[in-house]
Amino acid sequence: MFKFLKEVVAGSGSGLKDFPYSIGEPYASAWGSWTHHRGTSKDDGSPVSIFSLSGSNPQDRHLVAGRNGVKRLRTVRHPNILSFLHSTEAEVPDGPAMKHTIYIVTEPVMPLSEKLKELNLGGTQRDEYFAWGLHQISKAVSFLNNDCKLVHGNVCLASVVVTQTLDWKLHAFDVLSEFDANNEASGSPMLQFEWLVGTQYKPLELTKSDWASIRKSPPWAIDSWGLGCLIFELFSGAKLARTEYLRNTASIPKSLLPDYQRLLNSTPSRRLNPSKLIDNSEFFQNKLVETIQFMEVLNLKDSVEKDSFFRKLPNIAEQLPREIVLKKLLPVLASSLEFGSAAAPALTVLLKMGSWLPADQFSIKVLPTIVKLFASNDRAIRACLLQHIDQFGESLSAQTVDEQVFPHVATGFSDTTVSIRELTLKSMLVLAPKLSQRTISGSLLKYLSKLQVDEDPGIRTNTTILLGNIANYMNDGTRKRVLINAFTVRALRDTFPPARAAGIMALSVTSSYYEMTEIATRVLPNIVVLTFDPDSDVRTKAFQATDQFLQIAKQHHEKLTTGDTMVAESTGVQLKPGNAGLLGWAMSSITQKGKPSDHGSISTTNASNSQVSATSAATPDLQLSINSIATGTQASTVGHAPSTSSSFDQAAPASARSSVNGWGELEDGNIQEENGSDKEGWDDVDPFDDKPSPSLLSNIQAAQKRPVVQPKQAVANSAKSHQLKVQKTEDDPLWGPIVAAPPKSASKSADIKPSTSNNDEDDLWGAIAAPAPKSSGKPLKTAAANSDDLWGAIAAPPPSTKARPLASSGRGRGTKPAQPKLGAQRIGRTSSTGM
């Protein structure tokens, strides 16, 4: 038969060429003469159920009853009645003869008997599930009898099917007929196809065909008897063979036994109405039925009831059958959250239930709802999503995070509530690895730049920790532009000690991304200052970080000294011929000026391999954790002690401050050229707001800088000066990080003579002096030759115009007198008499 149906669907039969469904394997059981097949839609591949009934001729009485079932199933709609999708009747050849077949397509279902074997429930869980199923079938029967005045005629185990969500539904409507109570005296059959019903399922009046008595009985009399038969088959686990077996009540639960006996009352008029069975039966009062009923009317409940229900639901779900929870409760809960009828605590329950699913099922049944919830305006739901993002974040695809999740999560960075900002910040540990470089550079880092100056100290601290953790997801240009500025200019100067400690840890963990020049000129000077920090934890971490970076510098020095290029590359430092130590390079620059070929440049550090082996020894545990810093309100009580921090406020010489502050500025400028307009918020960090170094450090820096600026040796003439300027910018890139950035001016640097005063190092205003005025004229000769002329130095310079001197008359603008015109001219004369 199955092979025949496959041939029919393939197009051998004229009646099924356009049948939009594919017929699959049949189930082992079905009601009556029908065959129940699995099936799929040809359009989208969705699963369906296909019922088929064949007969030798169109007038076969089974086919006639089947047509009645198709008509009734199409017109009767109820949540607990099988959903009709499609039907057709085809005449197909079967050898020399023709067979007529009726096909009904419904939602995907499974025979109840086979589903019960698959679930294999026992004890209380079995009784609770049976109670829920009987509750649904009783509602369907009550709808037919009381609302529609219809009689099903054959309620039994075979007439019940189970959906994918484990709901029970009633079908097998071949015997279904109207209840004819108006013609009580008539003896004609009320149920035209009652012969299809097995004798064991018929009540006494139907067995005797006492139609007059049936018409005098209530509409539910026959179907109440059928409900009793269904209950017996459920709890006995066997198909009813004889009517007398119904008296065996050993397997019937005690809470259901009184209702069972009333359903099977020998007097039709005294049988229990299915509607009263639903409302009054003690058997239906269990956790599973009450939970599902509450969720089905969730929209009608107030917020207090919802909150109380969802707080109890996790414990209840643990006690219910796992498959029922996943296939029935989970879809209802997801739908309630998606459409806004469920409160925020329901999300916790959804995630707990979802954790019981396999990964592929979780992505299908739970993730779509979660992604939609990120767009919710309910702050409680948003907070709950962020709190539990570690439970589902790994299941989100990179495209989903970048396009659908992050735009909604990012609104939490600017939320007025501190807890939302902090949760949003912590969620980036999970989401950042799935973000594109465009989103990280163009959006995320802008938010983090603002959070690093947040009013809450815990958020500032966690922002620094987050930057250290996501550094490996940034590209090289972004790392160079962001990390050092974020850690040294902001984190290490924070008034909150844990924030300074986090900055030191972040620098240590990201040490592999810094060039040797950056370590020597920007990292170490800022860390060493914290070795006498008021906070002991900060001092400890500062010493550890100092040892780590000094070890890196030491190994770099050894490789430069030995010239072992291959070993240097293994530690992340690429060496080029002519490279020497920083001190040696500074000394040789005095005697080798003007020779660009003699100057080497330190190449960029290999970001992936520059972590030296001594790092782990210097810092035993530098792994960052977003939860390592507690969010508190210690910012108001912790800070630098006045007696200790006074050393930060000492004024440093201008030369030293300029050289120190110029390191980061030049480097940032180079990176900005690479990345164009891609800025995150650290580009506006002014490195000149560094606190002045102690006087001893300033003197050392000033001494290092003094031989660099040699204006008298630098130029012999304008051509040689221009040549030297080009060599500095192109062949000596290390000058930039050491000296302060020159002021942006159109005038040439060789035209401005530096002051030769002996007090330059003590001139604190020199670093912020206004640049020389822009002028296209030639340099002026000094007016200070006469030391006694105090006004000569500020006298106005002679005009630079090339115009000819004015006429002797002193009037006009010094233009040439007009040539006399030819011909008669009118001469205006003024009479002496005033005429």
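Numbers below:
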item: Net lengthening on full extension, residue 238/residue 210 (0.36 nm per residue, minus Cα-Cα); result: 7.1 nm
item: Stretch gain in nm, segment residue 83-residue 17, where the contour uses 0.36 nm per residue and the Cα spacing is subtracted; result: 21.3 nm
item: FRET efficiency estimate (nearest 0.05) - Cβ-Cβ, residue 303 to residue 352, R0 22 angstrom; result: 0.55
item: Efficiency of FRET from Cβ geometry, residue 472 and residue 398, R₀ 25 Å, rounded to 0.05; result: 0.95
item: Pairwise centroid distance, computed over Cα atoms, of region 27-78 with region 139-154, Å; result: 21 Å
item: Label-point separation in nm, residue 436 to residue 94, each point 7 Å along Cα→Cβ; result: 6.0 nm
item: Accessible-area ranking of 438, 481, largest first, probe 1.4 Å; result: 438, 481
item: Where labels lie 7 Å past Cα in the beta-carbon direction, separation of residue 56 and residue 312 in nm; result: 6.2 nm
item: Stretch gain in nm, segment residue 126-residue 282, where the contour uses 0.36 nm per residue and the Cα spacing is subtracted; result: 54.6 nm
item: Label-to-label distance, nm, for residues given as residue 532 and residue 294 (7 Å Cα→Cβ offset); result: 6.6 nm
item: Residue pairs, from the table 372/480; 352/446; 446/480; 276/352; 71/301; 117/301, whose Cα atoms sit over 27 Å apart; result: 372/480; 352/446; 276/352; 71/301; 117/301
item: Taking the convex hull of Cα positions in region 506-560, its mean projected area over all directions (nm²); result: 3.6 nm²
item: Furthest towards positive pole of dipole, 461, 414, 489, structure part region 393-543, Cβ charges; result: 489
item: Dipole moment magnitude, nearest 20 debye, region 57-164 about Cα centre, only Lys, Arg, Asp, Glu C-beta charged; result: 340 debye
item: Heavy-atom accessible area order for 304, 160, largest first, 1.4 Å probe; result: 304, 160
item: Per-pair calculated FRET efficiency, R0 = 51 Å: residue 551 and residue 338 via Cβ, rounded to 0.05; result: 0.35
item: With eigenvalues of the C-alpha gyration tensor scaled by 5 and rooted, region 87-185, Å; result: 29, 25, 10
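The values are calculated or read from the model by the stated rules, or taken from the named source; none is laboratory data. Computed from a predicted structure; not experimentally measured. Methodologically, a virtual Cβ is constructed for each residue, glycine included, from the backbone with ideal geometry; neighbour enumeration extends over all protein chains shown. Ligands, DNA and RNA are stripped out before the accessible areas are found, and what is left, the full protein with its side chains, is counted by its heavy atoms. Shrake-Rupley method; radii C 1.70, N 1.55, O 1.52, S 1.80 Å.
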